Structure formats: C-alpha cells, structure tokens
Amino acid sequence: MRLKFSILFFIFFSLVILGNTNFVNIHGFVTDKEFRLGNATVSFHDSTNKVKSVKTDINGSFNIQLQKNKYRVSVKKNGYTSLLGDNYFVDYIFNKPKPLILSMTNNKISIYGKVFSDNGDFIKDANVKIKIGENLENIKTNSNGIFYFEGEVGLISIFAEKIGYYGNGTSLLIKNEKFINDISIILQEKTFYISGALVDRNNFLKNLEIELINASNNKLISKVTTNSDGLFEFRNIRFYEKAYFKISNINFRSEDFIINRDLRQFNIFVN
C-alpha cells in the first residue's frame, strides 16, 4: 500500500514539474516615455488567434503566465496610441523571456494654421470647421488669420469659409506628431459685377460719373461713367455688407444695399 502511494505521488509530482516547464512568466511595463501607464491592457495573441490579456497596475507594471509559444503583443489604453506596430512578436518556444518595455504615445496634439486670401492677405474671423472622428468643432481665426485647436491623432478634416470667399479645406492623417504649425488654407475671393442704367424719369443720363461707396466708412470702392446710352457696369467688386451710389454732379445718393451677388439691371432712378 505504501509503495502504491509513493508511485502515485511520484507521478503527480512529475506532472506538476512537466506542466510548469511548459509555461513561462512574462513581466514588463507600459510607458509613454515620460510616465509609466497604469490600467493599460497588454494582450498576447497566439498562432490560433487565442488571446490572453493582463492590465498594468498603478505603476504601469504587468505580470502574466503563458504557455511557451510565439505571440503577437498589443497594448491599448484610452487616450493613447501604441508605438509597437502590428508586427511586434515575441518567441518563448526557444528563448528565455526578457522584461518587455511597451511604448505608447499620448493622443493629444496641438495644431496651428492660417487662413489667407489668394492675394496673400490674412483673413480674420473666418469660420474654421474641424472634424475629428465624429466630433465637429467650430472656431474663428484671429486678426492675423490664425486658428488653433487641440485634438487627438487620427484623421482630421479642416474646412474654412467666410462670406465673400469660396470655402476651402484639407484633411490630415496624424499619427505620432505632437505639434503641427504649417497648415495654410487659401480662400479665393468672390467678386461681382453691377450693371444697369442711370435714369431720370424717362431720360437716360449719359456721360455722368457714378461712384460706388462703402457705406461702413464712406470710402470709394470704384467709379465708372455712363456711356452714350446711359448704361453703366462695375466689374470685379468685392463683397460689401453696405454700399451706395453717389453722383456728385446731380447731388444724388442712393439707399444702402448689399453686394453679395451679381446685380444685373440694377437701374438707378434719380427722379
């Protein structure tokens, strides 16, 4: 009976030893170069796509027991991107395990950009729409045409627009950069024309000078002279929220109007 018990104990002890020799203890830590990262998930994927995972402790350390095999290692944490790539493998079939140092980077980025016109002037108060993932943010350029925002790595779409300009934008796939300050968005300025006739009752007034005035500051925008048929045409006029016509020879001033489109047959009646 004693001999039988000894044999059974030997077999059990041998199985335990053989079982333990088929496993390895893996340890390491997760870092973003400046700090060790707690609550990160470290996963080991074997050749059959089975996964075994462990979370790092408050000090960014982890410890896990695995069967001897070859594994693809991945690491995840909210707000961070892994720097391991998709082909980070470890081989524990013939190699002894070494401490794993797994690097991540903070997803936060700072982006500066400028919006300016096709003639090189900075555009202030342009509306800049920024889409990061599913989030959409609206900001304004400052007096120097500069906009700034903080976001996360990934696909970022930027679109700038302002009244009087054609909208324009760009898209960026940002991976590891922390600071970007070379984004330039050019907006092409819209121009319009105004055409019509200068009329006094039933008479067309010819060879009279018509001044187009900015009503916000009373400065001259442009001026033309009616032709022999009393017709006039202003071309390449920028957007203005307030403008008016002035004809000094007959002491005339029109009502204010907005220049935000082509104004055809915009006749001036001076009676």
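The values are calculated or read from the model by the stated rules, or taken from the named source; none is laboratory data. Keep in mind the model is a prediction, meaning the values are calculated, not measured. Note: ideal-geometry Cβ built from the backbone for every residue, glycine included; neighbour counts use all protein chains shown.
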| said: Would you confirm, using the coordinates I've provided, whether N49 is closer than 27 Å to K175 by Cα and exposed (fewer than 13 other Cβ atoms within 10 Å of the Cβ)? | reply: yes
| request: Please verify whether region 181-204 includes one or more residues that are touching a strand residue (DSSP E or B) at 6+ places or on another chain (Cβ under 6 Å), closer than 30 Å to Y80 by Cβ and not polar (S, T, N, Q). | output: yes
| field | Top-ranked residue of region 217-250 - restricted to ones that are β-branched (V, I, T) and over 22 Å from D118 (Cβ atoms), ranked as surrounded by the most Cβ atoms within 10 Å (Cβ to Cβ) | value | T226
| Just one of the numbered conditions (1) touching a Gly at 6+ places or on another chain (Cβ under 7 Å); (2) at negative phi is not true of F89; which one? | (1)
| request: For region 189-210, indicate whether the set of residues that are among the aromatic types (F, W, Y) and in contact with a Gly (Cβ under 9 Å, 6 or more places away or on another chain) is non-empty. | output: yes
| note | Flagged in region 83-98 as of a type in the set (S, T, Y) and in contact with a Ser or Thr (Cβ under 8 Å, 6 or more places away or on another chain), in numbering order, are Y88
| request: Give the residues of region 121-176 that are buried (at least 16 other Cβ atoms within 10 Å of the Cβ) and in a loop (DSSP other than H, G, I, E, B), sorted by residue number. | output: I123, A126, T141, G145, V153, K162, G164
| said: Please determine whether any residue of region 68-76 is in contact (Cβ under 8 Å) with a residue 12 or more places away in the chain, within 22 Å of the chain's Cα centre (by Cα) and surrounded by 14 or more Cβ atoms within 10 Å (Cβ to Cβ). | reply: no
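Let's see how each residue does on (1) modelled with pLDDT of 95 or more; (2) within 30 Å of K162 (Cβ to Cβ); (3) hydrophobic (A, V, I, L, M, F, W, C):
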residue: E209; (1), (2), (3): yes, no, no
residue: V224; (1), (2), (3): yes, yes, yes
residue: A243; (1), (2), (3): yes, yes, yes
residue: N249; (1), (2), (3): no, no, no
residue: D256; (1), (2), (3): yes, yes, no
| message | Go through (1) in a loop (DSSP other than H, G, I, E, B); (2) exposed (fewer than 14 other Cβ atoms within 10 Å of the Cβ) for N63 and report which single condition fails. | response | (1)
| field | Tally of residues being without any contact (Cβ under 8 Å) to a residue 60 or more places away in the chain and closer than 18 Å to E189 by Cβ across region 220-240 | value | 7
| Per-region count, region 99-111, residues hydroxyl-bearing (S, T, Y) and in contact with a Ser or Thr (Cβ under 7 Å, 6 or more places away or on another chain) | 2
